[in-house]
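Following: one structure in structure tokens, then a few remarks.
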Amino acid sequence: MKRLPVFALFLFVACASVPPGGDAEVRTAMNGFLEALNALDAGAINAHFAPDATAFFPVVASERVNGKEAISEIFRTYVTETRKNVQRTNIVAEEMRIERSGDLAVASFQVHNPSAVSRRSFVLRREGGRWLIVHMHASNFRTAS
């Protein structure tokens with residue numbers, strides 16, 4: 001009978017050590033980023049990145065892009081060019097997967113397009129109660145046309 005109280009104490013301690021919010025906070029942050037991207041809102045996109053963020057963009061930059069301002073400039077250009085044709089996009093993350101450890105998380109998903117599968121991976125860090133993107137890796141895999 002003594003095992004039950006010990007097990008209950010162990011279970012309580014184990015549950016108490018799990019960070020609040022779980023994966024839901026990270027998923028909410030990623031959904032916010034995607035909403036900003038679909039709304040073509042450069043300022044809102046920018047707000048999702050940490051100051052020290054880095055990114056790999058397909059097509060527009062052959063090397064890693066360093067810093068929030070440099071990343072923001074690429075998204076500003078994207079928004080300006082895209083708004084010439086549409087006022088809103090409809091990028092839908094498929095099979096989003098979240099892996100979290102403490103104040104770091106990785107989110108990955110794909111988006112199917114007629115000519116390619118867009119693959120996206122994000123590393124996020126919790127800062128001041130918010131999840132911010134510290135690294136984005138974007139690549140496209142061309143499918144048969």
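Cβ neighbours within 10 Å, averaged per peptide: list 101-111, 76-86 in order, most packed at the top.
Top to bottom by mean Cβ count within 10 Å: 101-111, 76-86.
So what is the accessible area of segment 37-84 per residue, in Å², with the probe set to 1.4 Å?
52 Å²
Using the Cβ atoms and a cut-off under 9 Å, what net charge is assigned to the surroundings of SER139, where Lys and Arg are +1 and Asp and Glu are -1?
With Lys, Arg at +1 and Asp, Glu at -1, the net is +2.
Could you give me the ³J(HN,Hα) list for segment 118-135, computed from phi with Karplus coefficients 6.51, -1.76, 1.60 and θ = phi - 60°, whole Hz, x at Gly and Pro?
Along segment 118-135, the couplings run 8, 10, 9, 10, 10, 10, 10, 10, 7, 9, x, x, 10, 9, 10, 6, 10, 7 Hz.
Could you run the Karplus curve 6.51 cos²θ - 1.76 cosθ + 1.60 with θ = phi - 60° over segment 58-71 and give me ³J(HN,Hα) per residue in whole Hz, x for Gly and Pro?
x, 6, 7, 8, 7, 10, 4, 9, 10, x, 4, 5, 5, 5
Starting with the highest mean, order 127-133, 42-48, 62-68 by the number of other Cβ atoms within 10 Å, averaged over the residues of each peptide.
Per-residue mean Cβ counts within 10 Å order the peptides as 42-48, 127-133, 62-68.
Please label the shape of segment 18-126 as rounded, prolate or oblate, based on the square roots a ≥ b ≥ c of the eigenvalues of the alpha-carbon gyration tensor (a/c under 1.5 means rounded; beyond that, a/b larger than b/c means prolate, else oblate).
Because a/c hits 1.5 or more and a/b exceeds b/c, segment 18-126 counts as prolate.
Roughly to the nearest percent, how much of the accessible area of segment 47-136 is carbon and sulfur, given a 1.4 Å probe?
Within segment 47-136, the accessible surface is 52 percent carbon and sulfur.
The values are calculated or read from the model by the stated rules, or taken from the named source; none is laboratory data. What you see is a predicted model; the values in this text were computed from it and never measured. Neighbour counts are summed over all protein chains in view; Cβ atoms, including those assigned to glycine, are modelled from backbone coordinates with ideal geometry. For accessibility, only protein heavy atoms count, side chains too; no ligands or nucleic acids. Shrake-Rupley method; radii C 1.70, N 1.55, O 1.52, S 1.80 Å.
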